[in-house]
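*Asks:* Can you keep this structure in mind? I'll have questions shortly.
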Amino acid sequence: MPRKAIIVLVGSLVVLAIAIFALAQTRAPSNVTTQSGTPLIGGAFELTDHTGKQVSDKDYLGKFMLVYFGFTYCPDICPTELQNIAGALDIIGEKRRKQITPLFVTIDPERDTRELMAAYVENFHPDLVGLVGTVEQIKKMGKTFRVYFKKVADKDSPDGYTMDHSAFVFLMDKKGRYLRHFSYGTSPQKMADGLIKAMD
Ligand code: NI
């Protein structure tokens, strides 16, 4: 085969390979992104609930999940938001309440022990499940939910630090997929209205 022909043949094969690769790239993402505009929030997690049971996201499938990240030492934001969640749960009625698991996930794993979490969640609602874990487990779950949190020095706080954190309440569907979120300060009635609309 003349040298020129070999160069043309090799060149054509390279172009073909690039074309196939490009085509595969345009098709591949369909199973990792959701419908257009739906943010990728949520995913697999492994933590420990406030009763000491090892749990994962799979334990909560089949029900809606209401997920809030915070910490028990939080002076006001978290208690306010957990009260709003509890109020909304009371408004939606028992039938809907049975189809939803409210989760309070600590973002302060160094201080929030299982025992502390157990004592804390019962102040708010009997359905509320507190989740604790290792620093790594919490970091991983926070990342999948795109939650911001940061340890900041504060001499007036216990142990000399507090946690900066975002305060969204995420509603996930029965397959663990993001449905919507509620901003901090959403009233119990507004949250209940939103839950009813999303669940029906
Ligand atoms: Ni807080």
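*Asks:* Are there chymotrypsin sites (Phe, Trp or Tyr not before Pro) in region 164-200 that DSSP puts in a loop and that have at most 15 other Cβ atoms within 10 Å, and which ones?
*Replies:* Working: sites: 168, 170, 178, 182, 184; in loops: 168, 184.
Passing both the DSSP loop test and the Cβ count: 184.
*Asks:* Could you tell me the calculated FRET efficiency between residue 98 and residue 134, based on Cβ-Cβ distance and R0 = 30 angstrom, to the nearest 0.05? Present the calculation step by step, with values, prior to reporting the outcome.
*Replies:* On the way: r = 31 Å, r/R0 = 1.04.
The calculated FRET efficiency here is 0.45.
*Asks:* Cβ under 12 Å from residue 103's Cβ, residue 103 left aside: what net charge do those residues give with Lys, Arg +1 and Asp, Glu -1? Mind showing how you got there, number by number?
*Replies:* On the way: positive: 63; negative: 49, 57, 59, 127.
Summing Lys and Arg as +1 and Asp and Glu as -1 gives -3.
*Asks:* Hey, what did region 34-149 get for relative contact order, percent, Cα under 8 Å, at least 6 apart?
*Replies:* Relative contact order of region 34-149: 36 percent.
*Asks:* Give a quick list of trypsin sites (Lys or Arg not before Pro) in region 41-133 that DSSP marks as loop, anything other than H, G, I, E or B, with at most 12 other Cβ atoms within 10 Å. Present the calculation step by step, with values, prior to reporting the outcome.
*Replies:* Values: sites: 53, 58, 63, 95, 96, 97, 98, 111, 114; in loops: 53, 63, 98, 111.
Filter output for region 41-133: 53, 98.
*Asks:* Check each of the GluC sites (Glu not before Pro) in region 91-200 and keep only those in coil by DSSP with at most 15 other C-beta atoms within 10 angstrom; list them in order.
*Replies:* The qualifying sites are 110, 122.
*Asks:* What list of ³J(HN,Hα) values in whole Hz, one per residue of region 130-147 in order, does the Karplus curve 6.51 cos²θ - 1.76 cosθ + 1.60 (θ = phi - 60°) give from phi, with Gly and Pro shown as x?
*Replies:* My calculation for region 130-147 gives x, 10, 10, x, 6, 3, 5, 4, 5, 4, 5, 5, x, 5, 5, 8, 6, 8 Hz in order.
*Asks:* For residue 133, what charge total do you get from the other residues with a beta carbon under 15 Å from its beta carbon, if Lys and Arg give +1 and Asp and Glu give -1?
*Replies:* -3
*Asks:* Continuing with this model, one more query. Put a dot 7 Å past each Cα toward the Cβ at residue 76 and residue 148; how far apart are the dots in nm?
*Replies:* Going by the 7 Å Cα→Cβ label model, 1.9 nm.
We did not get these values from a lab; they are worked out from the coordinates using the rules stated. This is a predicted model, so every value here is computed, not measured. We place every Cβ from the backbone using ideal geometry, glycine too, and count neighbours over all the protein chains shown.
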